[in-house]
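Readers should treat all values here as calculations from the given coordinates under stated rules, not as data from a laboratory. What you see is a predicted model; the values in this text were computed from it and never measured. When we count neighbours, we look across all protein chains shown, and the Cβ atoms used for this are built from the backbone with ideal geometry, even at glycine.
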Amino acid sequence: MILSNKQKGYTMKFITIDKNNWTKGIDKSRKTYQLFGPVKDENGCLIKKLDQDVHPDMGYYESVMSAKSVLFPQTEKILFASLDESLEDHHIMKRAENDYSPRAVLGIRPYDAKAIALVKLNFDTKEFQDPYWCDAYDVTVFVGLGINKPGPFDFSTSVGTGPFCEENLDILLADLDDKYLAKILTPKGDAFAIACGFDTMADEKESQVLFDILRKEAEKNIASNVEINKLKDKTILELHEAPFWDDMAFSCINCGTCTYVCPTCWCFDIQDEARQKQAFRFRNWDTCMSPLFTRHATGHNPRSTKVQRVRQRFMHKLKYFLDKYDQGIMCVGCGRCVKSCPVNIDIREVCNMMNAYEKQD
Amino acid sequence: MGNLLEHMGIERNRVHFSWISSAEATKFVDVVKEISNKVKELEPNKKFVKDYN
Amino acid sequence: MDTCIKKIRDLSADLLEKGEVEKVIGFAKGTIPMATSPIAIQKKQDVDKLIFNSTCGLNLANYVSKEKGKIAIIAKGCDARNIVTHIVENQIQRDQIYIIGVPCTGMVDKPKIAALFEDEIIEFSEDNGTLTVSSLLKTQTLKKQDYLKGNCLYCTHKNPGIYDVLAADLVEEQKLDNLFPDVDQIEALDEEAKWNHFENLTKNCIRCYACRNACPLCYCPTCFVDESDPQWLGKGQDKTDVNTFHFLRAFHCAGRCTDCGACVEACPMGINVRDFTRKLNKDTFLLFGWEAGLDVTKRPPLDTYSPEDPDDFIK
Amino acid sequence: MENPYIPYPVRIDDIEIATEDKSLKTFKFVFLNEGDEEKFSYQAGQFAELSIPGVGEIPIGIASSPVEKGFVKFTVFRTGVVTSYLHNMKVGDIMGIRGPLGNWYPWDKLENKNVVIIGGGFAFTTLRSSIVYMLDPGNRSKFKNIDVVYGARSPGMLLYREELFEWEKRNDINMHITVDGTDDPNWKYHKGFVPQIVEQNAPKADKDTYAIICGPPIMIKFTQPSLTLLGYKEHQIIMSLENRMKCGIGMCGRCNIGKELVCKDGPVFTLEQINQTPKEY
């Protein structure tokens, strides 16, 4: 792990950050970085861009939405063109100018950072790179906050991540009451720490021991889990034709909540809008729960029923993704969909059901 | 509908309802005049307008 | 409440055994505290999955439209009102549906309870109007009356108005001098403040359409927001598009909304969508003396014409 | 980094009404920028996104053939918002093309093989591209026998009629043109549905014979048994699928059948591959 950074000749290090200096430090970084982080309002906690006078709520318990929007806004202008025929370049589409100055996400949950690594498999491929997502990814520093007390619906350890998972993070913070112990994992993280003026070195051995203790303690407190060991060996068709989908999908109202709160769901729609002499092309999050997602212009719909759509979501996460990339399932165990689903369809139950399913001959 | 728009903070005088037969040309002209005057008094609307920038 | 659950199960078992219905639509226990999940029971041996408590805030009428066979449904006051609406709007026939009525003592406001805790709730139980709620950090005992959903506070139809059998004794309806104090509060604001209220209300909306999809009234084969030809509004997060969706959806429910609160119950972002619909409920009540879902023989006011209809808004 | 969402700017060079009911038109586009044609180098069977700024995009099979230079052609059925808009556009209008996208018919594998092409209705576009490609003097010798079964509702609904009748006259390709029905007394070709014509006229399969099918789902469904009857194995039946698409580059997630993405891993699959995925097309 973190092999790429070792290749670059970077050695990871530890620093301590006194909480009294935290706000001053991150404010200092604003000269070069746009900051994102958890903000609470009357309806809960969201990961948002932080205005000058807003600071991240590092004691936050859980955010309804994940951090995926930092790289992948729910609505993003991707192209524009002029429709004014008196102009030379009318009707020729160009890339919309978005801001790709450096940004840092503060207090991201380790499993959300891992989710971004999974989403990267979709947006950064051998054949095509999504320039909007990839450019945002390249300029983003992920400053994770280890979860000392995982919530009751966190099942991250059973899906290959965990409360102190370091994957895809540039810095991992451990909350030690009066201070943070920070593990600077990459040069990108190092540059951010420098921009904040955080430079109190900590002993490497001691710090690592402390991280290990915190991690073990936190992992011990995870009360929820799923079984995924047998998913790989089943065929797509046997799971697809399993008898449990009808009952499982009955209560589903086909809203997009589960897909929108999910840190690993990346599906999107492309929409054009025109106003006066300007044309815009946007992309918006989309959801496989909507019948429109797959409906042809002719009216034909390969997934016209609710059951087909619910099955698609779980098959994609727990089987297609696993088979396609061989990087585990497309779920990081954050439990957001479990909590937000209006009718309480629980991915843990579905996953266990799929894992335990044996075809009857 | 007028009530709900007003409830959401749209000025009452921006929304008008009228029932005009195709034969009532003068009524049509009068109503349009009256509406344009009332809306002009309100200055440009900033609500329910999309911003593309 | 426990005797009511037993009655629901016994009645359901009986109906299924005699083959009088193909399935019973009710609520099952959820996998996390305060969650319940609509379920269709088709076998007698499964009736023990049925439960009923103060967290059954969704509206089961949402699950019966377009049903072909004979079904039974567990109905609170508001579910029953929406069944009436379904019958009036030809979404289901009266003789197709066997209604197991449950007089309701109100549903709880889950976000309001959750807000009392810093961490997550791990246990929830209730006994005769007392709620016991625990997180890892603390346990609290609450009076259910203080934590009712917004729509239950102003509910004057707790008893199902239509049923084939009751699973519990009827309850006393509350008498209210003012049915719409929440609407009055917004009406008292000036234009700017009203506008800000609604902009702020929907600022976190993610357009998941849970409100629409949880609503028994929203059974259109293609909703106007999904229509592409013509496309009525943009599909992104532009706040004008977001509020146009909420505004028009509310209007499509004018004179039909029973204020069951399923929209708010379903919203993952804690938006009180009822701020839109309640205004129309108040207007139809004041203008036409109308409350939806009380009478299977009456068409909703926006569906009928009478010379007495108020027309002072029209020139 | 190349931005895969930015279309190449093109000008509409010609518009031809393709069928008698005017529901299909063939658009000929030329690239505005020098060099774009080369970047857009494609194979028969691929598709592209036709991109109209402010209106939207639609994935359409490329009807011109890699051996035809200087332009690209698409035949478009008017059905949704974008296609209706496109049908109202004029010669000279500027729009965009994004591609080429997806995979293509397996031309390497088909070398020295007999090829049977089966098409129905307006899904004949990439098949036209393929036939023109195979008949090209530089390519014809690479293939053994070529048979084409193509059917439409009526004679006036057949695409590329003039070319069809030209091919009919050649002796290096066996044409089996059919219509569902016609009252034209001079109609000298077949009458009947595609599956039935396939059963009666297509060559029996040996290990060197491959069938390429493209058509509406219902035609594909009913043609499969005919081919099986003629001895075609699953891996010898090659199909092109159409699912709703947006990005065309395997990212937006909607066009999957199982773990395969029709836009990127397809649209061309063998029946053998398709039979291992859920039938969500």
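Give the average, rounded to an integer, of partner chain Cβ atoms located within 10 angstrom of each Cβ in A:39-49. Don't skip to the answer; put the middle values down first.
Working: counts 0, 0, 4, 5, 11, 7, 0, 3, 0, 1, 0.
Partner Cβ neighbours, averaged per residue: 3.
When you count, for each residue, the other Cβ atoms within 10 Å and take the mean per peptide, how do C:99-106, D:171-178 rank with the highest first?
Values: C:99-106: 22.4, D:171-178: 17.4.
Going from most to least packed, we get C:99-106, D:171-178.
Projecting each Cα onto the charge dipole of chain C (Lys/Arg +1, Asp/Glu -1 at the beta carbon, about the Cα centre), which of C:GLN96, C:SER306, C:CYS155 comes out farthest on the positive side?
Looking along the dipole axis, the top candidate is C:GLN96.
Determine the percent antiparallel among the DSSP beta bridges restricted to chain D, to the nearest 5.
Around 60 percent of the beta bridges assigned by DSSP in chain D are antiparallel ones.
Could you tell me the calculated FRET efficiency between C:TYR305 and B:PHE17, based on Cβ-Cβ distance and R0 = 22 angstrom, to the nearest 0.05?
It comes out at approximately 0.90.
Pick from D:TRP167, D:TRP187, D:TRP107 the residue whose mean-square fluctuation is largest in a GNM of chain D, springs joining Cα atoms under 10 Å.
Of D:TRP167, D:TRP187, D:TRP107, the most mobile in the Gaussian network model is D:TRP187.
Which length gain, in nm to one decimal place, applies between D:LYS69 and D:GLU37 when the Cα-Cα distance is subtracted from 0.36 nm times their residue separation?
Gain on stretching D:LYS69 to D:GLU37: 10.7 nm.
With springs connecting C-alpha atoms under 10 Å apart, model chain A as a Gaussian network and identify which of A:ALA223, A:ALA297, A:ALA113 has the largest mean-square fluctuation.
It is A:ALA297.
In the stretch A:116-202, if the dipole is taken from +1 on Lys/Arg beta carbons and -1 on Asp/Glu beta carbons about the Cα centre, which of A:ILE194, A:ILE147, A:ALA136 is farthest to the positive end?
Towards the positive end, the residue furthest out is A:ILE147.
Determine the relative contact order of chain C: mean sequence separation of Cα pairs under 8 Å and six or more apart, normalised by residue count, in whole percent.
Normalised by residue count, the contact order of chain C is 17 percent.
Restricting to the protein assembly as shown, what percent of DSSP beta bridges are antiparallel, rounded to 5?
Around 65 percent of the beta bridges assigned by DSSP in the protein assembly as shown are antiparallel ones.
Give me the distance in nm between label points sitting 7 Å out from Cα along the Cα-to-Cβ direction at A:LYS205 and D:ARG161, one decimal.
In this crude label model, A:LYS205 to D:ARG161 measures out at 9.0 nm.
Residues with amide H under 5 Å of A:GLY335's amide H, sequence separation 5 or more or different chain, H placed in the peptide plane at 1.01 Å from N; which?
Sorted by chain and number, the residues that satisfy this are A:PHE155.
Are any of the pairs C:LYS76/C:LYS203; A:LYS77/B:LYS46; A:LYS120/A:LYS179 more than 28 Å apart by Cα-Cα distance, and if so, which?
On the way: C:LYS76/C:LYS203 32 Å; A:LYS77/B:LYS46 22 Å; A:LYS120/A:LYS179 32 Å.
Checking Cα-Cα distances, C:LYS76/C:LYS203; A:LYS120/A:LYS179 exceed 28 Å.
Taking GluC sites (Glu not before Pro) that fall in a DSSP loop and have at most 16 other Cβ atoms within 10 Å as cut points, what is the longest piece of chain D between them? Intermediate results must be reported in sequence, preceding the final value.
Details: sites that count: D:GLU2, D:GLU20, D:GLU34, D:GLU68, D:GLU111.
Excluding the exposed sites themselves, the longest stretch runs over D:112-281.
Which one of A:MET58, A:SER69, A:HIS91 has its Cα pushed farthest toward the positive end of the charge dipole of the stretch A:24-104, where Lys and Arg give +1 and Asp and Glu give -1 at the Cβ?
Of A:MET58, A:SER69, A:HIS91, it is A:MET58.
Would you compute, from DSSP H runs of 4+ residues alone, the mean residue ellipticity of chain A at 222 nm, taking -39500 (n - 2.57) per run and dividing by the full residue count, rounded to the nearest 500?
When only DSSP H runs of four or more count, the value is -8500 deg cm²/dmol.
With 10 angstrom as the radius, rank C:LEU148, A:LEU239, D:LEU230 by how many other C-beta atoms surround their C-beta, starting from the fewest.
Numbers: C:LEU148 19, A:LEU239 23, D:LEU230 16.
Ranked by crowding around the Cβ, least crowded first: D:LEU230, C:LEU148, A:LEU239.
Could you list D:ILE249, A:ILE236 so that the one with the fewest beta carbons within 10 Å of its beta carbon is first and the one with the most is last?
Numbers: D:ILE249 22, A:ILE236 18.
So the residues, fewest neighbours to most, are A:ILE236, D:ILE249.
Set the Förster distance to 30 Å, then compute FRET efficiency between D:ASP93 and D:GLU20 from the Cβ-Cβ distance, nearest 0.05.
0.75
Neighbour counts of other C-beta atoms within 10 Å: give me D:LEU261, C:LEU233 arranged from fewest to most. Please report the intermediate quantities before stating the final value.
Values: D:LEU261 25, C:LEU233 17.
So the ranking, lowest neighbour count to highest, is C:LEU233, D:LEU261.
Using a simple spin-label model with points 7 Å from Cα along the Cα→Cβ vector, what separation in nm is obtained for A:ASP135 and D:GLU2?
1.8 nm
Under 1.5 on a/c is rounded, so check that first for chain C, then, if it is not, pick prolate when a/b is larger than b/c and oblate when it is not; a ≥ b ≥ c are the square roots of the alpha carbon gyration tensor eigenvalues.
Oblate is the answer for chain C, as a/c is 1.5 or above yet b/c matches or exceeds a/b.
Summarise the partner chain shielding of D:2-9 as one whole number: the mean count of Cβ atoms from other chains within 10 Å of each residue's Cβ.
Taking the mean over all residues of the peptide, I get 6.
How would you classify the stretch A:261-304 from its alpha-carbon gyration tensor, with a ≥ b ≥ c the square roots of the eigenvalues: rounded for a/c under 1.5, else prolate if a/b is greater than b/c, otherwise oblate? Numbers along the way, then the final one.
Details: a/c = 4.18, a/b = 1.34, b/c = 3.12.
Oblate, since a/c reaches 1.5 and b/c is not below a/b.
Take the cross-link list C:LYS18/C:LYS70; D:LYS142/D:LYS264; C:LYS44/C:LYS68; D:LYS28/D:LYS90; C:LYS18/C:LYS43 and give me the ones stretching past 18 Å between alpha-carbons.
Details: C:LYS18/C:LYS70 13 Å; D:LYS142/D:LYS264 27 Å; C:LYS44/C:LYS68 20 Å; D:LYS28/D:LYS90 11 Å; C:LYS18/C:LYS43 11 Å.
Correct reply: D:LYS142/D:LYS264; C:LYS44/C:LYS68.
Return the calculated 222 nm mean residue ellipticity for chain D, to the nearest 500 deg cm²/dmol, obtained by summing -39500 (n - 2.57) across DSSP H runs with n ≥ 4 and dividing by the residue count.
Working: 8 runs with 60 residues, N = 281.
Helix-only estimate at 222 nm: -5500 deg cm²/dmol.
If you average the alpha carbon positions of the stretch D:87-156 and of the stretch A:220-263, how far apart do those two centres end up, in angstrom?
41 Å
From Cα pairs below 8 angstrom and at least 6 apart in sequence, can you work out the relative contact order of the stretch C:24-134, rounded to a whole percent?
24 percent
Test of understanding: in a Gaussian network model of chain B with alpha carbons linked when under 10 Å, which of B:GLU24, B:GLU34, B:GLU11 would top the mean-square fluctuation ranking?
In this elastic network of chain B, the residue with the biggest mean-square fluctuation among B:GLU24, B:GLU34, B:GLU11 is B:GLU24.
Rounded, prolate or oblate, given the Cα gyration tensor of chain A, with a/c below 1.5 counting as rounded?
oblate
Return a whole-number percent for the relative contact order of the stretch D:8-100, with Cα pairs under 8 Å and 6 or more residues apart as the contact set. The partial results should precede the final answer.
Working: 184 pairs, mean separation 35.5, N = 93.
Result for the stretch D:8-100 is 38 percent.
About its Cα centre, how strong a charge dipole does the stretch D:1-128 have in debye, to the nearest 20, once Lys and Arg get +1 and Asp and Glu get -1 at the Cβ?
300 debye
Separation of the stretch A:303-361 and the stretch C:195-248 by C-alpha centroid, Å?
That distance is 27 Å.
Which value, in debye to the nearest 20, describes the size of the charge dipole of chain D about its Cα centre when Lys and Arg Cβ atoms bear +1, Asp and Glu Cβ atoms bear -1, and nothing else is charged?
Here chain D has a charge dipole of around 420 debye.
Other chains near A:88-100: what is the mean number of their Cβ atoms within 10 Å of each residue's Cβ?
The mean count of partner-chain Cβ atoms within 10 Å per residue comes to 4.
Could you size up the charge dipole of the protein assembly as shown around its Cα centre, putting +1 on the beta carbon of Lys and Arg and -1 on that of Asp and Glu, and report it in debye to the nearest 20?
Computed about the Cα centre, the dipole is about 1280 debye.
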